[in-house]
Every structure is written in C-alpha cells, then in structure tokens.
Amino acid sequence: QIRYSIPEELTRGAFVGNIAKDLGTDVAKLAAANLQVLSDSDSQYFSVNVNTGVIMVSERIDREQLCGQNPRCFLHLKLAIENPVEFYRIEVEILDINDNPPEFPSDEVSLRIYELASLGARFPIQPAQDPDVGTNTLQTYHLSANDNFNLNVKARTDGGKFPELVLERALDREFRAFHYLVLTAEDGGSPPQSSKIRITIQVLDANDNHPVFDRPSYGARLVENSPLGTLVVKLNATDVDEGPNGDIRYSLSSHNSAALRQIFAIDEQTGEIRVQGNLDFEEATVYEIEVEAKDMGSPTMEEHCSVVVEITDVNDNAPEVILTSFSSTLSEDALPGTVVAVIHVRDRDSGEQGKVLCHVSPDLPFQLRKDYEHQYSLLTSTRLDREHVAYYNVTVSASDLGNPPLSRHTILPITLIDVNDNAPQFEQASYEVLVAENNPVGSVLVTVSAADPDSEQNSRLSYSILRAGGTDPGLDPTRYLSIHPTNGQVTAKFPFDYEETTYLQFHVEVSDGGSPALRNRTLVHVFVVDQNDNAPQVHFPRAGEDSATQFRISPSIVPPALITKVVAIDADSGRNAWLSYHLVEATDLGLFSVALRSGEVRITRALQETDASEHELLVVVRDAGEPPLSTAVTLVVLVEEKGPEALQGSEARAADGGGLPSITLYLIVSLVLISTV
C-alpha cells in the first residue's frame, strides 16, 4: 500500500506521486504491464502517466465535498498490472486548505429586547458554519464595540462554537431605540478568513418615562368677556416612550375649583385650553389652572404643570350709583346749599376705566358737591318755589373715563313740600254786579273766586263779607247779603228795591288755611237795576178814584187853546219812567188833543153850536217799560160862558204845576248816567 498526501483544490495535472519510483519498478515495465488505475469512487480524480509512472490530478478535489467535517479525508485507488496480475492499493489523503470562510445563515439578524431586560440576560445568535476542518475551521467570534452588550462564545463538545450577546448595561429605548452591532466569525487559517453578520437590536419600549411639558409653567393674557371658544394656550407635553406608553391625554387637575372648570376647558388630544365660560375681570384678575398630562401606559405615568391666565380689564361695567342717604321730599323754603342726598359711586373696572365723574343738569336748581373720592352730595343751588315747579326728577349721571365711556343715569324724584308763602289772589280786583230789583231771596248775585297756588291746607280758602270804607253806615251789606264760605257765592237775603237802594258796595275777604293765615280782599259793586214795577202816578189834576176833574171853557175859545195839562210821575227810572200821554176816549175825539210827552190838553177846532156842552176825556198815561204800565185820568170839559174864569183858573193851576216837568227831566238824566256807568 502506497500513501500520498495532497492538498485539496489542486489544479488538473498536478503531481501526486511517482508510482514507478515508489513501487521500485521500471517505468518501461509498467507501461508494458498495461497499468490501470481504478478508483473506489465514481469520479476519476487521478490518472497515471504510463510513460512516466506519475500519478496526476485529473479532476478538482474538494475535501469538504468528499469528506465533510471528518478530520481526515482519504481517496483510495487500485493499480492493476497484467503479466503477471498484481494489485497495489494507493491511499491519497486529501489535506484541508483554508478555502472556506465561516458563513452565517444570513447577513443580518434582528433582535427585539425589552428595555427593562435584566442585566446579564443572554441572547443567542445563530452560529457561523465553516466546512473547513482543523485550524482552518471557525475559531473565534468578534463583536463590534458598543456600550451595552458583550459577547460570550459557548463551546460544545463537538467543537461547535455558539455566540451569545450578554446585556451588560441597562437599555434605554428613549436614549437609543436601535442598536446596530457587527458580529465577526473568524477561522484559524493562514491567512484567516472571516465573515460578518449585522445584528439589529430593537429596544422594546417600557412605560418608564412620564410625560414632560416643554415648559414648567405657561402664561397667557386674555381680555375679559372673550368670546366662548377663544384659545387660551396650547400645551405641549412629550413622552419619549412609544406606542400607548407615549400617547398623552390632557386634563384639568382635580385641584382646580368647580368654578374654574366652568370657565376653561381643555382638549384631551391637542392640549388646547379654551374659554367656555364668562371671564370677568371684576371677579378674578388671575386664574391659575393646574393641568395634568397622562400617558396610556400601564401603569399610567403623569406630569403636571400650571397655566397662569391674566385677565385684562375692559370697560364693560357702567358706574354704579348708590344712595347712601336720600330724602324724596323737600320744603320749598329750603335754603340754597341744603343737602338732599348723599351719593356713593363706584365702578368695578380698574384704572382710568374705574374713575367716575358725576354731574346733574345745569337747568335744575341742584348741584353736586364732591365730598371725597367716590362720594358726592346733592345740594340745592337756588331758592325753590313749589308753586312754580312742584316736582323734580333730578337725573344724576355717572360716567367713567373709559374709551368709549360708559355711564349710568339715576333719577331722584324730589317732591317739594308746600309752605304758606302765597296769599290768595282774586280773579278780579273788583266785581261789578247788576242786580234786577225784586230778585228772589237766596238767588246768587255773584260768585267771587280766588286762587291760592299753595297746596292742601294752605290752599283751602274761606270767604267773608266786610263793609267797604266810605259806604253809608246805614247800609250794612251783611243785612242784605250772605256769602258761602267755601265757594264764594254771594246770595241776597231780601229782594232789592231799586226805589229804595240803587247801589251797594262791600269787601269780600278771602283767607287761606295756613298758619298763620294769609288774606286778600276784593271790592264788589252792586248796582240795582230798575224793573218796571211802578205804574205812573197822576199828580195833576188830582181826583178821587171814582171821580173826574171838571174844567170849564168858553164857547168862544180859540184853538189851539190850552185847556189843561196832565202831570204824572213814575217812581221807576230810565225807560220805565219815560211817560207818554194818550187820549183814549172822548165825546168828540176830533175836538181835543193831548200832547204825547207834555200831557197838554188842547182844543183843536172852534166850538160849534152843534157840539155838546159837556165833553168827557179819558187820558191814559203810559210808561215805556216792558210790559208797559199805565194810569188813566178822566177829564170833564164844560162849555160855559164863565169859561174865561175857568180858563184862568186852569192856567193858574197849570202854572202851579209848571215846575213838575223838571222832575221828569231829572229822572231822564239819571237814567242816562246809570246806563253810561
């Protein structure tokens, strides 16, 4: 048996051995003996040059393919020689060369390690495979430098080497979520060969970090009365954990009051704080909101921060007017400077917007005096007169200094209390009354009326009658007249008789109910108007009620001779005393005539023999009243020769009565004067 040793992977034709030399045979003999090489394998890895006796490599030899991991690898050949037949066993040992690097199953491997993994934890890595043997096979592993892992190589009894990653320092996903390592497998060849595998380690998150706000506290400034939904601030909290552990929800802390929760709301997803209630600077100038941010890990971790919201004042409050003291009634004789009300003003706004100015209308008899900050007194500025203005609505206007300013108006009703400072005043300084005589008893002659601008008791009037100065002492007006004490109606106690009293004057006094009472007077002139209540009275010729007066005339009387004159007087006046004379009846109406105004009776023609010797005349004296009154007188005229004596007697009588017409003239003049007045 012949043994050769050759390395694997020799090229075709490579020298293995000289069999002729090794067998000690002549080369020529070998060629003549028909040398053949027989192999135990299916492949002919070797051939023999019969001319030289050299065994050569005829095919590529791969020890790993032939023998695998066996430490020794042999190929067996048989040499056959004829004449004589001989067999020689040739054993060729295939020596390993470092022709294969260690190889990992893949170029990259991924590991997922919980970040809270315990120190010393081991994480095996699939080993590399090296088909070489001996020192050419895998000898060692090398791990790239890192801060957290070391390499441990576990050796098996069969010579295999298994790498393990050992956790030497705690992982922090938030610091480094991925670790990239390189594991190198190296054999012992010369030169050594190696291969690498990339190890990607993903650190799995654990809820080991609480949320963190980007600021420890937040500040915001809002204008009061901001609309609902106004954004106050947007919070920003981060959690370096991932997944649910880093999912943050915002909420208002339970430390906040219920009132604050009604004013502000927070969006749990975005962290936006918005206004949901009324912001009033006057109720609170600063709000401090406690906010918490929670992650969704298990267990939950949270963080807190505060948001300070400053409220900016706006002029949204009108001034307030508070009556500290107020009297709604005031005596009209109050002196200027009398305090009517004490007013306190305030404005809930701040700064200039909270400063208040007050004023009243300059047209009113009142003024404001500023006592000190926020307090005013309402005073009378002039004398008051209830009779001129009895009631005042004093408007106190309070305005702040905001822009635009706000104001409030308060009306103070002030009623003036009356004092008896006004005497009653008659509607007329004097009254003239025409009263028809024969007036009914109790008839109202005149109503005097007075007015008192005072009120209530001070304006309650009482009337009375006084005698006027210069009046005839015998004419006491209270004898004829009475007056109603409250309505001023003057009534007659007796009927007036013009023929007795034609004129009466008196004073009416009025007094009010004040204390002391004030009085006034008016003069009343009463003129009695004549009525046609007296018939004319015949003064001449005088005769009895049933007798007639006789007159004698001569038959030779010459017309228009005066026979007589009827004289009558009417106690009435004016037209009622205007008399007219009428011849109503006569024996011969054409013989006599009566003058209408003078009452002269005259003959109108000469007497004739056929005329009667006695003539009876009916003369009616009638006044001008309505209805007229009259008186009749009967005259008898006798025609006799003694006529001249009668005529002379008549003329004498007429002369005696010549002065009577002057009375009628006096009455006419009096009537004209009275009518004129």
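The values are calculated or read from the model by the stated rules, or taken from the named source; none is laboratory data. Being a predicted model, the structure only gives us computed values, none of them experimental. FYI the Cβ positions are ideal-geometry reconstructions off the backbone, even for glycines, and counts take in every protein chain you see. All accessible areas refer to the heavy atoms of the entire protein, side chains included, with ligands and DNA or RNA removed. Shrake-Rupley method; radii C 1.70, N 1.55, O 1.52, S 1.80 Å.
Here is how the numbers come out for the structure above:
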| item | result |
| --- | --- |
| Filter pass, residue 70 being touching a Pro at 6+ places or on another chain (Cβ under 8 Å), under 30 Å from residue 141 (Cβ atoms) and open to solvent by 30 Å² or more (accessible area, probe 1.4 Å) | no |
| Members of the range 230-240 that are more than 36 Å from the chain's Cα centre (by Cα) and either crowded, with 16+ Cβ neighbours inside 10 Å or in a loop (DSSP other than H, G, I, E, B) (or both) | 236, 237, 239, 240 |
| Filtered residues of the range 241-272 (kept if open to solvent by less than 30 Å² (accessible area, probe 1.4 Å) and either under 18 Å from residue 212 (Cβ atoms) or not in a strand (DSSP E or B) (or both)) | 241, 245, 246, 248, 250, 253, 256, 260, 263, 271 |
| So residue 290, is it farther than 23 Å from residue 393 by Cβ and out of contact with any strand residue (DSSP E or B) (no Cβ under 7 Å at 6 or more places or on another chain) | no |
| Strands (runs of 3 or more DSSP E) (entirely within the range 385-484) containing at least 3 residues that are at pLDDT 90 or above and in the same structural domain as residue 331 (by the TED database) | 391-400, 407-417 |
| Among residues of the range 189-204, those that are open to solvent by less than 40 Å² (accessible area, probe 1.4 Å) and in contact with a Leu (Cβ under 8 Å, 6 or more places away or on another chain), counted | 5 |
| Condition met for residue 462 (surrounded by 15 or more Cβ atoms within 10 Å (Cβ to Cβ), of a type in the set (Gly, Ala, Ser) and within 50 Å of the chain's Cα centre (by Cα)) | no |
| Pick from the range 418-437, criterion among the polar types (S, T, N, Q) and closer than 30 Å to residue 500 by Cα, ranking: most open to solvent (accessible area, probe 1.4 Å) | 428 |
| Leading residue by the ranking (most open to solvent (accessible area, probe 1.4 Å)) among those in the range 575-633 that are acidic (Asp, Glu) and more than 25 Å from residue 498 (Cα to Cα) | 609 |
| Flag for residue 227 being assigned by the TED database to the domain that holds residue 123 and part of a loop (DSSP other than H, G, I, E, B) | no |
| Residues located in the range 333-360, provided they are open to solvent by less than 80 Å² (accessible area, probe 1.4 Å), within 16 Å of residue 312 (Cα to Cα), assigned to a loop (DSSP other than H, G, I, E, B) and not hydroxyl-bearing (Ser, Thr, Tyr) | 347, 349 |
| Count of residues meeting criterion [out of contact with any helix residue (DSSP H, G or I) (no Cβ under 6 Å at 6 or more places or on another chain), of a type in the set (Asp, Glu) and closer than 30 Å to residue 37 by Cα] in the range 85-133 | 5 |
| Selected residue (criterion: nearest to the chain's Cα centre (by Cα)) from residues of the range 273-316 that are open to solvent by 30 Å² or more (accessible area, probe 1.4 Å), of a type outside the set (A, V, I, L, M, F, W, C) and farther than 20 Å from residue 233 by Cβ | 316 |
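To keep it simple, each residue is scored yes or no on (1) of a type outside the set (A, V, I, L, M, F, W, C); (2) modelled with pLDDT under 85; (3) in the same structural domain as residue 500 (by the TED database); (4) not in a strand (DSSP E or B).
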{"position": "552", "(1), (2), (3), (4)": "yes, no, no, no"}
{"position": "584", "(1), (2), (3), (4)": "no, no, no, no"}
{"position": "602", "(1), (2), (3), (4)": "yes, no, no, no"}
{"position": "626", "(1), (2), (3), (4)": "yes, no, no, yes"}
{"position": "634", "(1), (2), (3), (4)": "yes, no, no, no"}
